[in-house]
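Contents: one structure, followed by commentary.
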Amino acid sequence: MEMKWLLYVTLLALGTLAAQEHDVGDDDGDVIDIEDDLDDGVEEIEDSNPESSTPPPAPKVTYRAPVPTGEVYFVESFDKGTLDGWILSKAKKDDTDDEIAKYDGKWEVQDMKDTKLPGDKGLVLVTRAKHHAISSKLSKPFVFDTKPLIIQYEVNFQNGIECGGAYVKLLSKTPELNLDQFHDKTPYTIMFGPDKCGEDYKLHFIFRHKNPKTGKYEEKHAKRPDADLKTYFTDKKTHLYTLILNPDNSFEILVDQMVVNSGNLLNDMSPPVNPPREIEDPNDQKPEDWDERPKIPDPDAVKPDDWDEDAPAKIADENAVKPEGWLDDEPEYVADPDAEKPEDWDEDMDGEWEAPQIANPKCESAPGCGTWQRPMIDNPNYKGKWKPPMIDNVNYQGIWKPRKIPNPDFFEDLEPFKMTPFSAVGLELWSMTSDIFFDNFIICTERAVADDWANDGWGLKKAADGAAEPGVVGQMMAAAEERPWLWVVYILIVAFPVFLVVLFCCSGKKQPSAAEYKKTDAPQPDVVSDEREEEKDKGDKEEEEEANEEKLEEKQKNDADIGSASQEEEEEEEEEEDRKHASEEEETVNRSPRNRKPRKD
């Protein structure tokens, strides 16, 4: 057992030493010429093992610009490396300080920071804490008729996101549309995309609905998705956002081709598209005699004569007795005898100085100090203020509500899908985080076209990221480089199974029990010498008792009948031989493995 514990302690010590050596190596790296060491290491490896092979490189994913496979209204992959076709806004934001009113935030076409696909470029919001606005025209205006609308694009928050959005606006087709003056008040038909501020993670889908009676537009917001959106903002990966609007008024919102929200424009928007048929009459007033009280005090109830409203709720306990040793003359608090008046104390300004109060040390060993008072208990005669009991109100009329009247503003639009046509796509954003990456915009009507575009763009990024990710061993080594204490964990994980194998292999072979010998009649190994000596002593004792009994019987027979002595002697000799024979058989039986006692542990 001591050897097992020694082995376990040795393994633990080796793990600790390995972690310490790793830390020492990191510390020494600050003063050693790393380049010289690397050169020496490379030369030693080449000299000692020139045929050693390096780890196989990760599978290479070659980038190829996506090409739409069907009719599209807008498509942009930014792989040309320019902003051709995009217009930077020169507008100013209304009701804002001049210093930040301008849309002077910078946009550039760049590669992603940690790209795994050289040549794959995107639109990057470069600056932070500024207003950004950029837009581009569609190849032709989109008109909502009998075909679905699909808008899809990619976003990567390369630096995470503190407060800001990455949503797009589909700008309404109007004669006043001027992309050079694109700002927050520019009319749009749909706003869609991620937005975050604080811990509020949103995925907007908003459309502007035109009131057919008044001609005014009102924003309709989709219900919040039930899915947890936090990882899309924090994992610094490229995510694919898709909105699908169908002519039957149904919609789907997808992230990475997974549905995170769905519904119907008639039922799942706030406020609803269609107003209620009836509304409460604003001119209706509650009658003065309207009684809304379901219960009222019993007017016939009378206060009992013995009801004492003046009785206190608490009274002194008359059965209480002052504890022995109570110090009536000692106060609970006394002036601190060790306190001294500060040197800068000015009695004219600060008043007369008094030492601070501390707990009376004499009261620590006593049950209490000061004037003893009886404790207070509940008054059994207390009843409080009398109130008449409540009874049902026979005049109760219910809760009053104003009457309903037809809604003068009512309308019914059963096809909210038929929204205002749009002719441009724009990004109008404020962000406290820079380097937001946009890529692979597409607006089309066919799901297959959008899926092919996604597979050739976002799908390629996903495949490249997967190919570049290290294996399990690589991830473990990288984690240990950041947290050296993990080396101890790894060593223990490897050493513990080895320790268990050694423990079970060295524990010795289990001896078969006596029950197994009884089942098989196999010869049992000799029992220990102590048990054999104990059985021998027991047999000798039994023989002595038998001999004493024989002598006693002999003496009785000799006294009773001296004349028959010869005959009795012969019979006694025969009996003695029989007993000896029986004792020999008994001793033989006792030596048999079947009759031996099981070995004691």
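Tell me which residues come under 5 Å, amide H to amide H, from Y333 once H is placed; ignore anything under 5 positions away on its chain.
N360
If one computes the Cα centroid of region 422-446 and of region 354-418, what distance in Å separates the two points?
54
Under 25 °C and 0.890 mPa s, how fast does region 284-415 diffuse according to Stokes-Einstein, given a Kirkwood radius computed over C-alpha pairs? Answer in µm²/s, whole number.
102
Would you tell me the accessible area of D228, worked out with a 1.4 angstrom probe on the heavy atoms of the protein chains, in Å² to the nearest 10?
Surface open to solvent at D228 totals about 110 Å².
Solvent-accessible area of E546, probe 1.4 Å, all protein chains present, reported in Å² to the nearest ten, please.
80
For region 149-257, compute the orientation-averaged projected area of the C-alpha convex hull (one quarter of its surface), in nm².
Result: 8.5 nm².
Please turn the phi angles of region 495-502 into ³J(HN,Hα) values with the Karplus equation 6.51 cos²θ - 1.76 cosθ + 1.60 (θ = phi - 60°), one per residue in order, whole Hz, x for glycine and proline.
With the stated coefficients, region 495-502 comes to 6, 4, x, 4, 4, 5, 4, 4 Hz.
So what does M376 come to for accessible area, using a 1.4 Å probe and Å² rounded to 10?
Taking all protein chains as shown, M376 has close to 110 Å².
What is the local net charge at P187, summed over the other residues whose Cβ is closer than 13 Å to its Cβ (Lys, Arg +1; Asp, Glu -1)?
+1
What shape does region 90-180 take by its C-alpha gyration tensor, where a ≥ b ≥ c are the square roots of the eigenvalues and a/c under 1.5 counts as rounded, a/b above b/c as prolate, and the rest as oblate?
The shape class here is oblate.
Can you sort M432, M349 by 1.4 Å-probe accessible area, starting with the largest?
From most accessible down to least: M349, M432.
How many angstrom separate the Cα center of region 111-130 from the Cα center of region 276-342?
Cα centroid of region 111-130 versus Cα centroid of region 276-342: 68 Å apart.
Greater than 30 Å separation of Cα atoms is the criterion. Which listed pairs, K90/K216; K185/K461; K137/K418; K102/K173; K92/K236, meet it?
Cα-Cα > 30 Å for K185/K461; K92/K236; rest within.
Provide the per-residue ³J(HN,Hα) series for region 353-362, in order, calculated from phi with Karplus coefficients 6.51, -1.76, 1.60 and θ = phi - 60°, each as a whole number of Hz, with x at glycine and proline positions.
So the Karplus estimates, Gly and Pro as x, are 6, 10, 5, x, 8, 10, 5, 5, x, 5 Hz.
The values are calculated or read from the model by the stated rules, or taken from the named source; none is laboratory data. In this text, all values refer to a predicted model and were calculated from it rather than measured experimentally. We place every Cβ from the backbone using ideal geometry, glycine too, and count neighbours over all the protein chains shown. Accessible surface is based on the protein model in full, side chains and every heavy atom, while ligands, DNA and RNA are left aside. Shrake-Rupley method; radii C 1.70, N 1.55, O 1.52, S 1.80 Å.
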